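In what follows, a single structure is set out as structure tokens and then discussed.
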Amino acid sequence: MRTDIASVDFALDARDFRANPYDRYRELQEKHRIFWHDGYAAYVVPGYSDVMDVLKSSKWKVRPGSNFLERQLAANETVNQLMQGFYYFLDEPEHRRLRSIVSTTFTPRIVLNFRERIQQILDELLDQTLAKNGTVEFMSEISYPMTIRVITEILGVSEEEDHTFFADLGLALAGLLEWDAPVERVLAGGESMMAISNRFVDVLDARQQEPRKDLISALIQAQAEGRASDSFEIIFMCVLLVTVGYETTMNHLGNGVYSLLSNLDQYERLRTEPAITSQAIDELLRHEAPVQVTSRVAIEDIDVAGTTIKAGEQVVVLLGGANRDPREFPDPDRLDLTRANAGKHMTFVHGPHYCLGAALAKTEGEIVFGTLARRFPRLRLSGKHEWRDTAILRSLDRLPLELEG
């Protein structure tokens with residue numbers, strides 16, 4: 001325990017916190033700029049300005065230290081190797097090199113050109129649902145299948161059996177992202193990562209023989225040009241893009257629909273003022289961030305909130321807390337689709353590790369929220385919603401809706 005700074009018990013795994021973390025965030029912000037957490041063996045930063053200072057600095061690495069990977073690395077040797085390799089590529093200098101490859105292949109133009117197809121996939125799913133009974137469990141029937149289909153089609157694995165394959169494995173893969181995941185969830189995530197990686201090995205072999213106009217073929221071209229060193233790097237990037245392409249986006253879509261239907265005046269505003277849809281996305285991302293927490297490990301001694309963090313020590317930053325900090329966002333719990341500074345949210349992080357899937361997530365949000373408001377002006381929550389038992393990722397497990405037109 002650090003004796004030179006306040007120690008606070010802050011339980012990410014508490015059920016009441018996972019249902020509503022924002023009251024606790026506010027309490028922490030009012031009492032502390034930074035505090036120590038024995039369980040994480042890390043400092044915790046809850047406020048917007050200090051979170052920004054951490055994220056914009058290049059004096060950190062992403063690989064978790066302290067206790068965060070103990071369960072993952074102890075699960076079995078396969079998971080150990082997968083996680084070590086995963087974080088190897090997320091720290092410098094490998095991160096900068098691989099990110100440059102992805103940024104020149106997975107471009108905003110690709111997302112823009114895919115808008116029509118995203119709309120088509122959404123309409124197909126909504127029409128299928130309406131043909132049944134006019135109600136929908138949004139997460140399993142719309143959000144998840146849509147985001148999986150979009151990212152796999154962009155990558156170039158768009159056969160019907162691939163949709164089922166990735167849909168079956170994708171949610172389990174996200175278990176590797178939770179710091180306190182039980183061992184069985186970590187093992188399931190490791191098995192899913194192996195299966196998905198092996199599928200990409202097969203696709204890579206096929207595209208090397210017969211290139212197409214898809215993202216995997218573009219990554220193969222990057223390897224031919226000497227920008228990617230081997231096939232393993234391409235497979236890693238594909239797994240990473242699947243993860244950021246569906247998980248953050250799926251959570252964002254569910255959280256956004258929940259926020260809108262919990263604030264029907266704002267849903268009505270979106271319906272009657274469709275021109276604000278693009279601006280509204282940032283406010284929805286701020287209001288219910290799909291990623292709530294991240295961490296950094298100091299490469300060298302660095303000051304954070306007046307405290308010296310020594311090289312090798314870890315800082316946890318509360319992204320969801322920063323997004324609800326009243327010093328940055330007045331009346332932060334209120335959903336305001338035209339909030340002037342909503343674009344300053346931390347949901348996609350900031351600085352060198354800004355989310356690769358941000359453009360895709362925002363585009364899918366614009367299409368989904370705009371389409372629902374247009375097609376279903378009396379859309380309502382129906383039945384009991386349920387939050388997933390996760391803390392790093394904030395997402396609904398169930399979101400039943402009534403699709404009355």
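The values are calculated or read from the model by the stated rules, or taken from the named source; none is laboratory data. Note that the coordinates shown come from a computational prediction; the quantities given were computed from them, not determined experimentally. Cβ sites come from the backbone with ideal geometry, for glycine too, and all protein chains shown count toward neighbours.
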Original post:
Pairs under 7 Å by beta carbon, first residue at pLDDT below 85 in the range 122-136, partner not in a helix (DSSP H, G or I), six or more apart or different chains?
Top reply: L130/L403; G134/L403; G134/E404
Original post:
Within the range 247-277, can you find the residues that are of a type in the set (S, T, Y), more than 19 Å from the chain's Cα centre (by Cα) and surrounded by fewer than 22 Cβ atoms within 10 Å (Cβ to Cβ)?
Top reply: S262, T272, T277
Subject >> Flag for T338 being at negative phi and surrounded by fewer than 20 Cβ atoms within 10 Å (Cβ to Cβ) >> reply: yes
Subject >> Unique match (being in contact with a Gly (Cβ under 9 Å, 6 or more places away or on another chain) and assigned to a loop (DSSP other than H, G, I, E, B)) among L356, L360, L335 >> reply: L356
Original post:
Checking Y258 against (1) more than 30 Å from G190 (Cβ to Cβ); (2) out of contact with any strand residue (DSSP E or B) (no Cβ under 7 Å at 6 or more places or on another chain); (3) in a helix (DSSP H, G or I), which test does it fail?
Top reply: (2)
Subject >> Members of the range 376-405 found to be within 14 Å of N251 (Cβ to Cβ), touching a Pro at 6+ places or on another chain (Cβ under 8 Å) and among the hydroxyl-bearing types (S, T, Y), listed by number >> reply: S395
**OP:** Considering only residues that are surrounded by 13 or more Cβ atoms within 10 Å (Cβ to Cβ) and in contact with a Ser or Thr (Cβ under 8 Å, 6 or more places away or on another chain), look in the range 301-324 and name the one that is farthest from Y267 (Cα to Cα).
**Re:** I302
**OP:** May I ask you to list the residues in the range 126-143 that are in a helix (DSSP H, G or I) and surrounded by fewer than 20 Cβ atoms within 10 Å (Cβ to Cβ)?
**Re:** D127, Q128, T129, L130, A131, K132, S140, E141
Subject >> Hey, I151 touching a residue at least 60 places away in the same chain (Cβ under 8 Å), buried (at least 18 other Cβ atoms within 10 Å of the Cβ), more than 19 Å from V291 (Cβ to Cβ) and not hydroxyl-bearing (S, T, Y) or not >> reply: no
Subject >> Residue that is of a type outside the set (S, T, Y), closer than 14 Å to W60 by Cα and free of Cβ contacts under 8 Å to residues at least 24 places away in the same chain, where the choices are D331, D303 >> reply: D303
Original post:
(1) closer than 23 Å to I110 by Cβ; (2) at pLDDT 85 or above: which one isn't true of S192, the others all being true?
Top reply: (1)
